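Note sheet for the following structure.
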Amino acid sequence: MRHTKSYVYLALAMMLVGANIGFGKAVIAVVPVLAFALLRFVIAVIVMAPQFFKAAPRLARHEWLTLFGQAFFGTFLFTLCMLYGVQHTTATAAGVITSTLPAAVAILSRLILKEKLQARTLASILLAIAGIAVLNLSKSDSGDGASTPLVGNLFIIAAVLCEATYVVLSKRLTQTLSPLRITAYSHLFGLLLMLPIGLGAALSFDFSVVTASMWLLIIWYAVAASVIVFWLWLTGTKHVQANVAGIFTALMPLAAAFIGVVFLHESLGWAHFVALALVLTGIAVASWPQSVKAVQEV
């Protein structure tokens, strides 16, 4: 039961991240990337403010360093790389590239956490990657006219590497710190990192052009991406190996495609159903109940 709840948390987290890819692209069409990125952190820190005043054990030096590393890669760099990426490349290209995230997580889990890659973990990763590849490659000729796709693709690749690093670091922190505390401090660090480069862009931008509906979208993006997703993900990874948790990141580009269908009125073809079947099969393979001995080893 504990693992089942963890899988649900991980799936919800990645679906929200995927949805926010489309929402973020809509926002940066109006608000400059740096100004929007700064707003995200400001809103997140305000929402998480109560966490800074709760009594809690003092953090060890290595915990502060891990928190900073998580904030640097998983909030600061990931936000910039993803937003600049979708600004310069097509959604299709971004989806294909993000489909490599499970593999990146599995490899880093092996290198950093020394986790064993079981046969079914490898199989589920391949199924997830195959599913997202089918979904995105079937739309490879429907670009949106991006003028510098190579630049955008490189930003997305960087975002994937940052997110994979965050996934692995989160596994370490959740053993000693609560998800909400990790979320609060990682975004406080993120805000401090973003201030020097985002403040000028925010001060020079005319926010009067931002409509009420766009403000709601900005607030939702910030709360979902900076608070809800982090809490869901950190809670889920507490009882799941990082390489298994990484498989659920395959839902991110799938959710992004769903937003495209619902809000951009894209057609739903056979590839969407094939991709969904492959991704869900991969998750089932990874999360299928293990023997008592295997569970104890995890």
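The values are calculated or read from the model by the stated rules, or taken from the named source; none is laboratory data. Worth saying up front: this structure is predicted, and the values here are computed from it rather than measured. Cβ coordinates were reconstructed from backbone atoms using ideal geometry, including for glycine residues, and neighbour counts include every protein chain displayed. Protein only, heavy atoms only, side chains kept; ligands, DNA and RNA dropped before computing areas. Shrake-Rupley method; radii C 1.70, N 1.55, O 1.52, S 1.80 Å.
Yes/no matrix, rows are residues, columns are (1) at pLDDT 80 or above; (2) polar (S, T, N, Q):
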residue: 211; (1), (2): yes, yes
residue: 218; (1), (2): yes, no
residue: 238; (1), (2): no, no
residue: 241; (1), (2): no, yes
residue: 268; (1), (2): no, no
residue: 276; (1), (2): no, no
residue: 280; (1), (2): no, no
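Quick one: which residue in 203, 195, 199 is free of Cβ contacts under 8 Å to residues at least 12 places away in the same chain and over 19 Å from the mean Cα position of the chain (by Cα)?
203
Taking segment 40-62 as the search range and keeping residues that are within 14 Å of residue 179 (Cβ to Cβ) and not aliphatic (A, V, I, L, M), which one is nearest to the chain's Cα centre (by Cα)?
This residue is 51.
Considering only residues of segment 56-79 that are among the small types (Gly, Ala, Ser) and more than 17 Å from residue 222 (Cβ to Cβ), which is surrounded by the most Cβ atoms within 10 Å (Cβ to Cβ)?
The extreme case among them is 69.
Considering each residue of segment 119-143, count those that are out of contact with any helix residue (DSSP H, G or I) (no Cβ under 7 Å at 6 or more places or on another chain) and at pLDDT below 75, and give that number.
So the answer is 1.
Counting only residues that are assigned to a loop (DSSP other than H, G, I, E, B) and touching a helix residue (DSSP H, G or I) at 6+ places or on another chain (Cβ under 8 Å), which one in segment 203-237 is most open to solvent (accessible area, probe 1.4 Å)?
205
How many residues, within segment 33-55, are open to solvent by less than 50 Å² (accessible area, probe 1.4 Å) and either at pLDDT 85 or above or not in a helix (DSSP H, G or I) (or both)?
Residues that pass the stated criteria total 14.
On the given criteria, is residue 12 at pLDDT 90 or above, buried (at least 21 other Cβ atoms within 10 Å of the Cβ) and within 21 Å of the chain's Cα centre (by Cα)?
No, not satisfied.
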